[in-house]
Amino acid sequence: MTGEPIIHRFPRRHEGAFVNAYLVETDSGVVAIDGLLTVSESRAMRAGLEELRKPLLAVLLTHSHPDHYGGLTELVAGDDVPIIAPQGVIDTIARDDEAKEQILRPMFRDEWVSKRTFPNTPIRDGESLTFDNADFRVIDLGPSESPYDSPWVLGRDERTVFLGDQIYGRKHCFLADGFHERWLENIELLRDRFPGDAVFHVGHGGPASPADWDWQRSYIETFLDAVGRADWSNPDTARAAVVAEMKRFLSTDDLQFLMELSIEPVAAELGLLHASV
Ligand SMILES: [Zn+2]
């Protein structure tokens, strides 16, 4: 019997989760969307896969950030499956992984796996893949929230989208890679593409909907304004002012550290922060 693919979200406990990944259960197999970050959560996702008693067919990656590929080793667990992404995502992960190791090892210790698994199968913009009753089409966005982003659309009606981090589900956002202009352009590119009742399965929080494009744009613009208006003659004060402003915009602490990690890089990119500080 053929039905709609079933979407399973991980970690199963959504409250307080850092990052999401998904298993899409088809008639006879399972397709994973991203792989979480930590050893323990990706191992729990693997256990969730095994409970379904269907083989893992492929992994599809939504972008190049380590909180979405770091768990691939535990998730794939030696299965010989394609891990699929545009070439730009594949190249970015290979290029940046050593730098991510330097940042993430002290933060996550043994929870950041020592032997990472990288995507191994490129796909071109607009190409689609069919696994039984599930069709996935990739959108090659290029730089956006990360240095290379690639949402996946499930189904020809385009009502189900694995959007990666193009929209955060009302959590603080990471802007340190400096592609916010492209991110804003991509928001306008994607805004009218999907039907009004589309469901966006996102990397952090969610699910989101097309109504959330406006919120995401406001978050990015508020952050850029806050960095631009801060008094960078005193970097500590400037930084505190940006944090305070963003907490007024969004009162949650969720992923606040990602926003805080973004302040100096964006100030430097805007030419506000000089080498002397
Ligand atoms: Zn993320």
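Write down Rg/Rh for the stretch 1-92, rounded to two decimals, with Rg from the C-alpha atoms and Rh from the Kirkwood relation over Cα pairs.
0.95
Between D192 and R12, take the C-beta separation as r, use R0 = 35 Å, and let me know the FRET efficiency to the nearest 0.05.
0.55
Hey, what's the chain come to in accessible area per residue, 1.4 Å probe, Å²?
That works out to 44 Å² per residue.
Take every Cα-Cα pair in the stretch 21-69 and report what % of them are more than 13 Å apart.
So the portion of pairs separated by more than 13 Å is 53 percent.
Which percent of the Cα-Cα distances in the stretch 61-176 go past 24 Å?
Distances greater than 24 Å cover 28 percent of the Cα pairs.
Can you give the helix-only mean residue ellipticity at 222 nm for the chain, where every DSSP H stretch with n ≥ 4 adds -39500 (n - 2.57) and the sum goes over all residues, rounded to the nearest 500 deg cm²/dmol?
Here the helix-only value at 222 nm equals -12000 deg cm²/dmol.
Using the Kirkwood radius over Cα pairs, work out the Stokes-Einstein diffusion coefficient for the stretch 56-114 at 4 °C and 1.567 mPa s, in µm²/s as a whole number.
106 µm²/s
How far is it, in nm, from the label point at T222 to the one at A47 when both lie 7 Å from their Cα along the line to the Cβ?
Distance between the two pseudo-spin positions: 3.7 nm.
On a full-extension model of 0.36 nm per residue, what is the gain between F249 and R105, subtracting their alpha-carbon distance, rounded to one decimal in nm?
Length gained between F249 and R105: 48.7 nm.
Any idea how far the Cα center of the stretch 217-254 sits from the one of the stretch 1-52, in Å?
For the stretch 217-254 versus the stretch 1-52, the Cα centre distance is 34 Å.
Check the straight Cα-Cα distances from K115 and name the lysines below 26 Å, setting aside those fewer than 8 residues away within the same chain.
K54, K100
Which trypsin sites (Lys or Arg not before Pro) from the stretch 62-150 combine a DSSP loop assignment with at most 13 other Cβ atoms within 10 Å?
Passing both the DSSP loop test and the Cβ count: K115, R124.
Tell me the Kirkwood radius of the stretch 123-216: reciprocal of the mean inverse pair distance over distinct alpha-carbon atoms, in Å.
13.4 Å is the Kirkwood radius here.
Looking at the chain, identify the longest residue range that excludes and avoids all GluC sites (Glu not before Pro) in DSSP loops having at most 16 other Cβ atoms within 10 Å.
Result, exposed sites excluded: 159-277.
Label T237 and E127 with points 7 Å out from Cα along Cα→Cβ: what is the distance between them in nm?
Result for the modelled spin labels: 5.5 nm.
Share of Cα-Cα pairs in the chain beyond 28 Å, in percent?
When every Cα pair of the chain is considered, 34 percent fall beyond 28 Å.
Read phi for every residue in the stretch 25-41 and hand back ³J(HN,Hα) as whole Hz from Karplus 6.51 cos²θ - 1.76 cosθ + 1.60, θ = phi - 60°, with x for Gly and Pro.
With the stated coefficients, the stretch 25-41 comes to 8, 9, 4, 10, x, 9, 10, 9, 10, 6, x, 6, 10, 8, 4, 5, 6 Hz.
Using a probe of 1.4 angstrom, how much of the accessible area of the chain is carbon and sulfur, in percent?
The computed percentage sits at 49.
Is the shape of the stretch 187-277 best called rounded, prolate or oblate, per the rule: a/c under 1.5 gives rounded, else a/b larger than b/c gives prolate, else oblate, with a ≥ b ≥ c the square roots of the Cα gyration tensor eigenvalues?
Since a/c reaches 1.5 and a/b is larger than b/c, the shape of the stretch 187-277 is classed as prolate.
Cα axis of helix 87-108 to longest principal axis of the chain: angle in degrees, 0 to 90, nearest 10?
On a 0 to 90 degree scale, this one is about 70.
Return one number: the angle in degrees, 0 to 90 and rounded to the nearest 10, between the long axis of the Cα atoms of helix 180-191 and the longest principal axis of the Cα atoms of the chain.
Tilt of helix 180-191: around 50 degrees.
The values are calculated or read from the model by the stated rules, or taken from the named source; none is laboratory data. In this text the structure is predicted, and so the values were computed from the model without any measurement. Cβ: placed from backbone, ideal geometry, glycine included. Neighbour counts: every protein chain shown. Side chains are part of the model used for accessible areas, which takes the heavy atoms of the whole protein and leaves out ligands, DNA and RNA. Shrake-Rupley method; radii C 1.70, N 1.55, O 1.52, S 1.80 Å.
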